[in-house]
1. Give me the residue from the stretch 390-429 that is among the aromatic types (F, W, Y) and in contact (Cβ under 8 Å) with a residue 60 or more places away in the chain and, out of that set, surrounded by the most Cβ atoms within 10 Å (Cβ to Cβ).
2. Do we find that S715 is modelled with pLDDT of 95 or more and under 31 Å from the mean Cα position of the chain (by Cα) in this structure?
3. Going by the structure shown, is F459 over 27 Å from the mean Cα position of the chain (by Cα), modelled with pLDDT of 95 or more and assigned to a loop (DSSP other than H, G, I, E, B)?
4. Out of everything in the stretch 585-611 that is over 14 Å from F537 (Cβ atoms) and of a type in the set (K, R), what residue ends up being farthest from the chain's Cα centre (by Cα)?
5. Looking at I243, is it under 26 Å from E201 (Cβ atoms) and at pLDDT 95 or above?
6. Here is a check on your reading of the model: is I595 crowded, with 17+ Cβ neighbours inside 10 Å, free of Cβ contacts under 8 Å to residues at least 60 places away in the same chain and more than 30 Å from F497 (Cα to Cα)?
7. Pull up the stretch 513-552, narrow it to residues that are out of contact with any helix residue (DSSP H, G or I) (no Cβ under 9 Å at 6 or more places or on another chain) and within 22 Å of A464 (Cβ to Cβ), then point me to the one that is surrounded by the fewest Cβ atoms within 10 Å (Cβ to Cβ).
8. Return the residues of the stretch 649-696 that are among the hydroxyl-bearing types (S, T, Y) and over 41 Å from the mean Cα position of the chain (by Cα); say none if nothing qualifies.
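The values are calculated or read from the model by the stated rules, or taken from the named source; none is laboratory data. For clarity, every value in this text was computed on a predicted model and none was experimentally measured. Cβ: placed from backbone, ideal geometry, glycine included. Neighbour counts: every protein chain shown.
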Amino acid sequence: MKQKLIISLIILSYFLTEDNSLNYLWPTNTSKTITTLFGEKRSRRFHAGIDVRTYGRIGDKIFAVESGYISRIKISPDGYGKALYLTLDDGNIILYAHIDKYNSEIELLVNKLRINRNSSSLNHFLKKDELRVKKGELLGYCGDTGSLSGPHLHFEIRDPSGHPINPLKNFYSIVDTLRPIAESLAIIPLSNKTYINGLQEYSLFDIEPLMLNNDTNSYKYFIKDTISVIGEFGIGLETHDEINSSPFDFGIYEIELFIDNKQQYKINFDKYCFDHDHLIYNEIDYYLLEKESRSFHRLFLNENTELDFIDKDSNEGITLNKDYHNLIINVVDNFDNSIQIQGVLKGDIVLSPDIIYDNNNYIIQTSNTNNNLSFYLSTRYENSQKIIPNYKQLDSTLFSFEKPLKPYEVLELFNKNEGIKSKSTFISFYEYDPYKINGTFELEHVNKYINIHFKENEFSGYDAKLILSGNDKKNIIDLNRYSKNILSSGLIELNKFEDINQISIIYDTKPEIIFNKKLHGKIFSSKKESSLKFENFEVVSNKESFNFDSFISINEEQINTPKEFTKISNPIIISPNTISFKDYITLKYVNTKPIKGGLYQLNKKKEKWIFKGKINPYGQAEIKLFSGGIFCILDEEEKPLIKNIFPNPNSYYNVKEVDEIYFNILDVHSKIDYDSIEINLNNQPIYFDYIPYRNLLRADLFKELGRGENILKISIKDNIGNNTNKEVRFFIK
């Protein structure tokens, strides 16, 4: 009897502890196709749910996944758009976002709330059980409201504390038999004593699948060459997942890093806190995102220990001894499909051979006999095609080349020893006129250091020095060739930039060729407020702006603005743009008199100026910056467009034919000022939904119109104050 009681209690315990959320209903009647997974990168945040594909349709039904009550209704023109929060009886919270319309009961409630608050936007919290719903009940319809790139349902599950949970772990399952894909490995220098294959720069390495018996779904990947790395470094991984019958690339679920079979890092995307959204660019490498437009997971701790995704025992940087070391990275998706990446690291360096070049006879002599040299010819321009030169090896150290034909006049050579490749050396087969040297400066933060590049328009072949100067200070740094057309300072400690106002490049030529660049900047502390002014602009930091001390500069930028704009200020460039700030810095603009216009930022990839901030009546503007960029005060006179108005002007309708008002509004340059939109019908305010994705403004009419003439008045402004008004008269028969 006692034994039966124990068994009964065990069975009862199983049913009581079973996760009933496994029985959640799928949230919509559309397919189970997903376009975005939990934890994927978004701008300055993690994706907190999944996106369910609606194939461009609007109007697919949305259901209550389980019984509970509506706890919040939120409506805005951006973000989640029309959103609904459902608190389930088990305590979890469901969020449905980008909704086109709610069910009729909720829409009536929304209309009453809008009238009472005299606002089309809402953020309304309901009392417990004020509006109860049952599992499977219709809540609304999928749409495209808010900030998005196409219609879909954004769906989240949050725990009772409001923290997002991965819906595909323990809640929902979809068909996925495909493994993740490995793309590239990054070795990231974390010290100015770090060298990766001889370079003090980020270094990227291809990852190749290990094909066995023509298996196209291989789970093994390898890095072809041994990687030489000395000093402290971090590892980054570019990877994505694939799902059956889906054309999209997805984020992964889990990554583990091992060095010599010892776990160094682990991350899994189960659950996190919204307060940690700002850590997205400590998990995704911002430098590579900005420079290469590629997403690499950082497999080391870097001011992101609070992030719930990451195992707290993970490394803060790795330093190797001179031996060979096995690298293993395991990548797993949400449905346990996995891959493994293998490679070899060596805590040692292979130096480039010393070269003596006889440019009269095209003969190269190396400094030792143990070289396994490779040679390539190219032009003086970056990214030109490489060809193999004709040469003879005269003895163990002497190589004779045929006279190359222009434009193939630059020789690249590098050494390999025990699988490790040295840095490339470049030689000009023909003497280059020093007066033709030209190029551009590039100053960038690389983690806690600064790197200065001088990018030559054409390969010169000359050596050069970098000089940092200001206030009777002078720091001289030898430049090295990072690549054929780039001279690099390597990683410079931040304190070298204290009181510096000019950087100079001096070439070792006769006569000396010198390039100067003014530098208006200062070191901002990560622990206190600071500011920097330049003309009418000022940047101001707070105590939480930076993860570490940073060199912030503001300088005039020589760049043309489009003819449709009037330039109010000269464009400025704020640096750096290769690190993401912890919180934000404030960019302020102050004019001595009222002006019309707006604060714009240049999107260099799209070659387009993007509106960022309004100028108030006193000639001032203020925006938050999370990284550097190019900014300008611009004005334009183009008025917003209002078109495709329904009801049509001067038209006649039956009373049942007009139950809504809609029209398109559009502004190309500064976008519509949502708060400026006013709609009046017969002198009564009309509350509306604004759908930026379709440039659509829509309003339901909850009362039938009376017979006779009706007058619709519309007023909108763009963000710099250009105004458009329309009056439409229509008739009800």
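1. The initial filter retains those residues of the stretch 390-429 that are among the aromatic types (F, W, Y), namely 391, 399, 401, 408, 414, 426, 429.
Then keep just the ones that are in contact (Cβ under 8 Å) with a residue 60 or more places away in the chain; that gives 414, 429.
Numbers: F414: 21, F429: 18.
Out of the qualifying residues, it is F414.
2. Details: modelled with pLDDT of 95 or more: yes; under 31 Å from the mean Cα position of the chain (by Cα): no.
No, not satisfied.
3. Details: over 27 Å from the mean Cα position of the chain (by Cα): yes; modelled with pLDDT of 95 or more: yes; assigned to a loop (DSSP other than H, G, I, E, B): yes.
The answer is yes for F459.
4. K593
5. On the way: under 26 Å from E201 (Cβ atoms): no; at pLDDT 95 or above: yes.
In short, no.
6. On the way: crowded, with 17+ Cβ neighbours inside 10 Å: yes; free of Cβ contacts under 8 Å to residues at least 60 places away in the same chain: yes; more than 30 Å from F497 (Cα to Cα): yes.
Answer is yes for this residue.
7. Among those residues, the one meeting the criterion is K518.
8. If we filter the stretch 649-696 for residues that are among the hydroxyl-bearing types (S, T, Y), which is where we start, we get 651-653, 662, 670, 674, 676, 687, 690, 693.
Within the stretch 649-696, S651, Y652, Y653 qualify.
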